[in-house]
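Notes follow once the structure below has been shown.
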Amino acid sequence: MSIKIRKALSEDAPFLALMILQSSRAEKKYGMFDLIFATKKDEETLRYIEKLTTTNAKNQCHYTNFLIAEIDGEKVGSLCTYEPRIATRETFVEAIEEIERDNGSNEYLEILEACDFELNKRTLIFDFMEEIEGFIDVGVLKALMQKSLLTARLKGYRIAQAMVEIGSLETLLYYKKLGFREVRQKECEIYKEKFGRAGLVLLAIEF
C-alpha cells in the first residue's frame with residue numbers, strides 16, 4: 001500500500017475542515033471550534049472551519065500549513081506544521097474575525113489566555129495530526145511525520161513541539177511512539193469546565 005504525501009491546496013479545504021474538527025474534539029462531543037462558532041449542526045461548523053483554512057490572515061489552520069496523505073488517490077490523513085512567530089494568537093483572532101460568524105462566542109479568548117503555553121518562537125509546532133477511519137495503523141501518520149520532520153530540518157529547525165489534551169491517551173501515546181517526550185502539563189479549570197479535560201500536555205522532539 002503506497003502512501004503519497006503532498007502539500008495541501010485551497011481546494012482541500014473541506015477535507016482539512018473535517019480533520020481539524022476531528023482533531024479538536026479528540027473523541028469528545030464538543031471541542032474548541034464548536035465553542036468558537038456556536039453552531040447547532042456539524043455541517044455549519046465545518047463550513048466555518050473551511051473558511052478558516054483560506055483566510056487572508058495566515059493562521060495555524062491555513063491550508064498552506066498542511067500536508068495531506070493519500071492512498072490510491074483518496075485523502076486519508078493530515079498533519080499541520082506552523083511557526084508560532086508567524087501564526088500567532090493574534091493572527092488566529094484576526095482570522096476568526098475575518099470569517100464574520102453569525103452566532104459565535106469569544107469565550108475561546110479567555111481559554112487561550114489562561115491555558116496556552118508560552119511557546120519557544122524558534123520551534124515548529126505540529127497540530128491536527130489525523131487519519132480517517134479505516135486507515136488507522138497502516139503508516140499514514142508516520143509517513144506524514146517523517147515528511148514534516150525532513151522539511152523542518154531543511155528549514156533549519158531542530159526542535160518541534162505539539163500540544164495534546166490531558167486524558168487524550170491515544171493521541172499522547174502515538175506522539176510518544178513517534179519520538180516526542182513530555183515537557184510539562186498545564187491544568188486549567190476553564191478548560192475542564194468547557195471540554196471536560198483537565199488541561200494540556202506540551203510535547204517536544206529534537207531531530
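Quick notes on this one:
- Any hit, region 157-173, residues being open to solvent by 60 Å² or more (accessible area, probe 1.4 Å) and polar (S, T, N, Q): no
- Extreme residue, surrounded by the most Cβ atoms within 10 Å (Cβ to Cβ), among residues of region 47-73 that are acidic (Asp, Glu) and modelled with pLDDT of 95 or more: GLU50
- Taken over region 120-145, the criterion of being modelled with pLDDT under 90 and surrounded by 15 or more Cβ atoms within 10 Å (Cβ to Cβ) is satisfied by THR123, PHE135, VAL138, GLY139.
- Where LYS51 falls short, out of the listed (1) touching a residue at least 24 places away in the same chain (Cβ under 8 Å); (2) among the basic types (Lys, Arg); (3) outside any helix (DSSP H, G or I): (3)
- Residue in region 91-107 that is touching a strand residue (DSSP E or B) at 6+ places or on another chain (Cβ under 7 Å), under 27 Å from ILE205 (Cα atoms) and either of a type outside the set (Phe, Trp, Tyr) or assigned to a helix (DSSP H, G or I) (or both) present: no
The values are calculated or read from the model by the stated rules, or taken from the named source; none is laboratory data. Not measured: the values here are computed from a predicted model. Positions of Cβ are generated from backbone atoms using ideal geometry, with glycine treated the same way; all protein chains shown enter the neighbour counts. Just so you know, the surface numbers come from the protein's heavy atoms only, side chains and all, with ligands and any DNA or RNA stripped out. Shrake-Rupley method; radii C 1.70, N 1.55, O 1.52, S 1.80 Å.
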